[in-house]
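S.K.: I'd like to ask some things about the structure below.
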Amino acid sequence: MFCTGECHMNTNRELLWRVYSQVYDIVMASFLPYQILTERVAASLSPSPGSRILDAGCGTGHLLHYLLRWRSDLEAVGIDFSTAMLNRARAKSKDSRRITWRKVNLNYPLPFSDGEFDAIACVNVLYAVDEPLFLLQELRRVLREGGRLVLVTPIYRPKMGSIFGEHVQQLKERNPKAWPVILLGQIIRLAPSLVVFVAANRSIQKDRSFHFFKEDQLYRMLLESGFRTSPLERVYGDQAWLAVGEKGTKPIL
Ligand SMILES: C[S@@+](CC[C@H](N)C(=O)[O-])C[C@H]1O[C@@H](n2cnc3c(N)ncnc32)[C@H](O)[C@@H]1O
């Protein structure tokens, strides 16, 4: 069954992502760990010219906007089930004919043919779906043979404080003298959005229906879904796993 239109969505989840969408770009635009992560994911996708890229759970479209600004030879599809998130993604890309945004619920079979994509990103989304293994199997199905999945998902019991710590550390390195003033300015400017952002993250971490994986669990699940994968790396203030999987049968050495 395909669910590409007004998909069934639990109302609490809908509210959570709608609230999150209100503050997401405001906070993330200034948040250095997120910018570093975006650059890292884009580099790991390493798409060849003319590639067709899927961003599964694209949110407000930050990664695809970044990627297509950097590479004008790509075509991209961003999917998400949150109308609020997609509206923000669309509003930022009025002129881009190379990105298609679609409302798709990742808890259902994806509305794409086998092997349609050359590369897929799935950043901070796997934890939120009903059946992570099912999603990985679907992502593998729509990826071409030899295509690459770049997956990022929070570690088991992630700590927001460590991610903020990386922000401060990066700010210090980039602005050795002015960082305290910049940080204070950011805190004052972003305070209302940060309160909402932190509250949304707390509620995610307390909700037992979300999935936070230990290293061996995630590694095994990637193998079980048919990806060959390099060892997992810690990114995003050490609070998330980054895995690069390829559609194939043997582990990447
Ligand atoms: C933390 S945001 C990450 C967004 C984006 N990948 C990024 O890195 O900025 C999680 C996103 O996953 C989406 N999401 C969660 N569960 C989903 C599902 N079952 N189907 C589609 N999208 C989903 C939410 O709407 C939200 O936009």
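The values are calculated or read from the model by the stated rules, or taken from the named source; none is laboratory data. The structure displayed is predicted, hence computed values, not measured ones. Counting neighbours? That spans all protein chains shown, and the Cβs are built from the backbone with ideal geometry, glycine included.
S.K.: Quick check on segment 162-212: of everything there that is basic (Lys, Arg) and part of a helix (DSSP H, G or I), which residue is surrounded by the most Cβ atoms within 10 Å (Cβ to Cβ)?
M.R.: 172
S.K.: I'd like to know if segment 12-21 contains one or more residues that are free of Cβ contacts under 8 Å to residues at least 24 places away in the same chain and away from the ligand (no atom under 13 Å from the Cβ).
M.R.: no
S.K.: Looking at segment 186-203, I want the residues that are at pLDDT 90 or above and have a partner that is exposed (fewer than 11 other Cβ atoms within 10 Å of the Cβ) with Cβ atoms under 8 Å, at least 6 apart or on another chain. Which pairs are those?
M.R.: Within 8 Å, the pairs are 194/187.
S.K.: Among the residues of segment 101-146, what is the count of those that are more than 10 Å from the ligand (Cβ to nearest atom), among the β-branched types (Val, Ile, Thr) and in a strand (DSSP E or B)?
M.R.: 1
S.K.: Separate question: Among the residues of segment 147-158, how many are more than 23 Å from residue 110 (Cβ to Cβ) and either part of a helix (DSSP H, G or I) or more than 16 Å from the ligand (Cβ to nearest atom) (or both)?
M.R.: 2
S.K.: Right, here's the next one. I'm trying to understand the selection: among the residues of segment 32-82, which are among the polar types (S, T, N, Q) and within 13 Å of the ligand (Cβ to nearest atom)?
M.R.: 35, 38, 60, 82
S.K.: Report the residue count in segment 61-72 for those that are buried (at least 16 other Cβ atoms within 10 Å of the Cβ) and either free of Cβ contacts under 8 Å to residues at least 60 places away in the same chain or over 20 Å from residue 91 (Cβ atoms) (or both).
M.R.: Summing the residues that are buried (at least 16 other Cβ atoms within 10 Å of the Cβ) and either free of Cβ contacts under 8 Å to residues at least 60 places away in the same chain or over 20 Å from residue 91 (Cβ atoms) (or both) in segment 61-72 gives 7.
S.K.: Also: Can you name the number of the only condition in (1) surrounded by fewer than 14 Cβ atoms within 10 Å (Cβ to Cβ); (2) modelled with pLDDT under 95; (3) out of contact with any strand residue (DSSP E or B) (no Cβ under 9 Å at 6 or more places or on another chain) that residue 113 fails?
M.R.: (2)
S.K.: Right, here's the next one. Just to verify a result, which residue in segment 141-178, among those that are of a type outside the set (A, V, I, L, M) and within 28 Å of residue 14 (Cβ to Cβ), is nearest to the chain's Cα centre (by Cα)?
M.R.: If we take residues in segment 141-178 being of a type outside the set (A, V, I, L, M) and within 28 Å of residue 14 (Cβ to Cβ), then 153 is nearest to the chain's Cα centre (by Cα).
S.K.: If I ask for residues that are out of contact with any Lys or Arg (no Cβ under 6 Å at 6 or more places or on another chain) and either free of Cβ contacts under 8 Å to residues at least 24 places away in the same chain or crowded, with 21+ Cβ neighbours inside 10 Å (or both), which ones from segment 48-60 would you list?
M.R.: Those that are out of contact with any Lys or Arg (no Cβ under 6 Å at 6 or more places or on another chain) and either free of Cβ contacts under 8 Å to residues at least 24 places away in the same chain or crowded, with 21+ Cβ neighbours inside 10 Å (or both): 53, 54, 55, 56, 57, 58, 59.
S.K.: Filtering segment 12-42 down to residues that are among the hydrophobic types (A, V, I, L, M, F, W, C) and part of a loop (DSSP other than H, G, I, E, B), which residue is surrounded by the fewest Cβ atoms within 10 Å (Cβ to Cβ)?
M.R.: Here the residue is 29.
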